[in-house]
Amino acid sequence: MSCAAVVCLACLGAAPPPDGDLLTVAESSGWMATATYDEVMELLRRIDGRSRIMRIRELGTSVEGRPIPLVILADPPVETPAEARRQGKTIVFALGNIHAGEVCGKEALLMLTRELALEADHPLLDNLVIVFAPIYNADGNERFSPDNRPGQIGPAAGMGERPNAQGLDLNRDHVKLESPETRALVRFLTEWDPHLTIDTHTTNGSRHRYTLTYAAPLNPSGPSEPIAFVRDTMLPAISRRLRERTGYETFFYGNFDENRSVWRTYSALPRFGGPYRGLRGQMSILSEAYAYASYEDRVLVTREFVREALRFATEQSAVIQATARRGRRSDDADPPPDDTVGIRHRVAAFSEPATILGWATDTAETPQDYTVVHLGRFEPTESVRRPWAYVLRPGLDNVIDKLRQHGVEVEPFQAAGHVEAYRVQSISHAEKPFQGHRLATLLVTAEVKHVEFAEGSHLVRTGQPLGRLAVYLLEPRSEDGLAAWNFLDGHVEPGGEYPVYRLRSHKDLDGVLP
């Protein structure tokens, strides 16, 4: 039995256009194939040639030199983030193919591009500027094989592979930023500052009756209001509307435990795109179409899920923008004592159980619902009080470069003052490498001391829009920060000082800032 058996196909929006040269590869192949990079680019050029409002730009360039297309849809048209901001509309960004074997987002975003670009006075563009990156992992897309996603139902002609051309998982690269694709994406997040991002994937995991599952940002150390709005208001509304209009069942991402008594979400680590964007104070949605649904259903449910997200965003445009502003505000005052940032976390349950639509057995023959503990959120196990600023000793150029790649503001600094200094007690490294790194764990103790910072030192204020991200990246005990990813390895040793210091207050400086 298909998990999408009750879907109302007539409710899925406009039929494909009569012009065959505007069909996606998924459509024209009868749902047997997915597009190559060249086929994506050619379809985008054909749509662009018939559109008044569409613009094609580049997000960046892949490892192998492929331009990553960025589709901008706005009425009137825009080409730059400054032009988009001047319109005062909500900016929504959606990307596909971060894992190039998970192709439903790529095909769905191409279908939506065609609709939005060619339909006159499309209502979704009344309050929105919409930006798509349908083929983000362009290099991985070209490594076609029908064996790249074992167990996934289609496309039968094959699909790309998970990593990029460096062998990196682009959805584990959001802290270390070692791929040109991720650096380009984070630069886009800084320059465009989208109010909402939708990241489209395909998942397998536990057998259940949802055609798509979803998640809000999971790291609770980001500004709380945008995260709560996505999780508690936006996603339930999108799910309800999608079910009422199409029959597709959707729910929060998770997997059963072996007894089907627990439904557990994925990680809160910001190496993943969703938690990372939440830590930046940006609203984000993870979309995971179900690998055991048909290829056609996966594409269509992704398209309709994104459509409902866009509808919600245009209806709630003013609320979304106000919430985003509060999440990204700047304040250079000394942080109050209760302003803390979690740097290590554990999964936690919601107060109410959840009912999960599953099967009596893994053969997916007899429907059965399960009442479960919903481990769908995280809480800190270790937190730090947010300081007014951090001071970096001279010689940390690699750390400064990484902070600036993230969009964190770093300024030259030369002064003296009383600071919190960390003394490194021990350093351990993971036995096995992960994404080319043996992740580090530091044990430290803190003391207050007077330090003179020479020329070549740098200051990172935490009152900036990405201040909470800066705290998470710079703290030595952070579970997924720059120290964990080995960027401080050459600068720390047991018994020595951690070369990043905490200024608790601007009053702790001996004099005024230069």
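The values are calculated or read from the model by the stated rules, or taken from the named source; none is laboratory data. A quick note: this is a predicted structure, and the numbers were derived from the prediction, not measured. Cβ atoms come from the backbone with ideal geometry, glycine included; neighbour counts cover every protein chain shown. Side chains are part of the model used for accessible areas, which takes the heavy atoms of the whole protein and leaves out ligands, DNA and RNA. Shrake-Rupley method; radii C 1.70, N 1.55, O 1.52, S 1.80 Å.
For this structure, a couple of remarks:
- Only Lys, Arg (+1) and Asp, Glu (-1) charged, at Cβ; the chain dipole about Cα centre in debye: 660 debye
- Close amide-amide hydrogen proximity is noted between Ser505 and Trp388, each under 5 Å apart and 5 or more residues distant or on a separate chain (H modeled in the peptide plane; Pro and chain starts excluded).
- Segment 249-309: C-alpha pair distances exceeding 20 Å, %: 43 percent
- Beta bridges per DSSP with both ends in the chain, % antiparallel, nearest 5: 70 percent
- In the complete set of protein chains, residue-level accessible area for Trp31 is approximately 50 Å², probe 1.4 angstrom.
- J(HN,Hα) series, segment 131-141, from Karplus relation 6.51 cos²θ - 1.76 cosθ + 1.60, nearest Hz, glycine and proline x: 10, 10, 10, x, 9, 5, 8, 5, 6, x, 4
- Among Thr340, Phe132, Pro494 - extreme Cα towards positive end, dipole of the chain, charges at beta-carbon: Thr340
- Sequence-ordered 3J(HN,Hα) estimates for segment 39-48 from the Karplus curve with 6.51, -1.76 and 1.60 and θ = phi - 60° stand at 5, 4, 5, 5, 5, 4, 5, 5, 5, 4 Hz, glycine and proline given as x.
- Taking amide H as placed 1.01 Å from N in the peptide plane, Val129 has its amide H under 5 Å from the amide H of Thr90, Ile91, Val92, each at least 5 places away in sequence or on another chain.
- Residues whose amide H lies under 5 Å from that of Gly456, counting only those 5 or more places away or on a different chain, are Phe413; hydrogens are built 1.01 Å from N in the peptide plane.
- Dipole-positive endmost among Ser145, Leu185, Thr197 within segment 135-200 (Cβ charges, Cα centre): Ser145
- Of the solvent-accessible surface of segment 225-271, computed with a 1.4 Å probe and all protein chains present, 44% belongs to carbon and sulfur.
- Cβ-placed point charges (K, R +1; D, E -1), dipole of segment 426-474 about Cα centre in debye, nearest 20: 240 debye
- The HN-Hα couplings worked out from phi for segment 288-294 by the Karplus form 6.51 cos²θ - 1.76 cosθ + 1.60 (θ = phi - 60°) are 10, 5, 8, 4, 8, 7, 5 Hz, whole numbers, x standing for Gly and Pro.
- In this Cβ point-charge picture (+1 for Lys and Arg, -1 for Asp and Glu), segment 78-185 has a dipole of about 260 debye about its Cα centre.
- Probing with 1.4 Å while keeping every protein chain in the model, the per residue accessible area of the chain equals 38 Å².
- Note on Thr36 and Ala237: the model spin-label points, each 7 Å out from Cα along the C-beta direction, lie 4.4 nm apart.
- Rough spin-label spacing in nm, given labels placed 7 Å along Cα→Cβ, for Arg50 and Asp21: 0.9 nm
- Unit charges at the beta carbon, dipole of the chain: most positive-side option, Ser351, Asn164, Gly96: Ser351
- Peptides 282-294, 100-112, 38-50 ordered by average Cβ neighbours within 10 Å, highest first: 100-112, 282-294, 38-50
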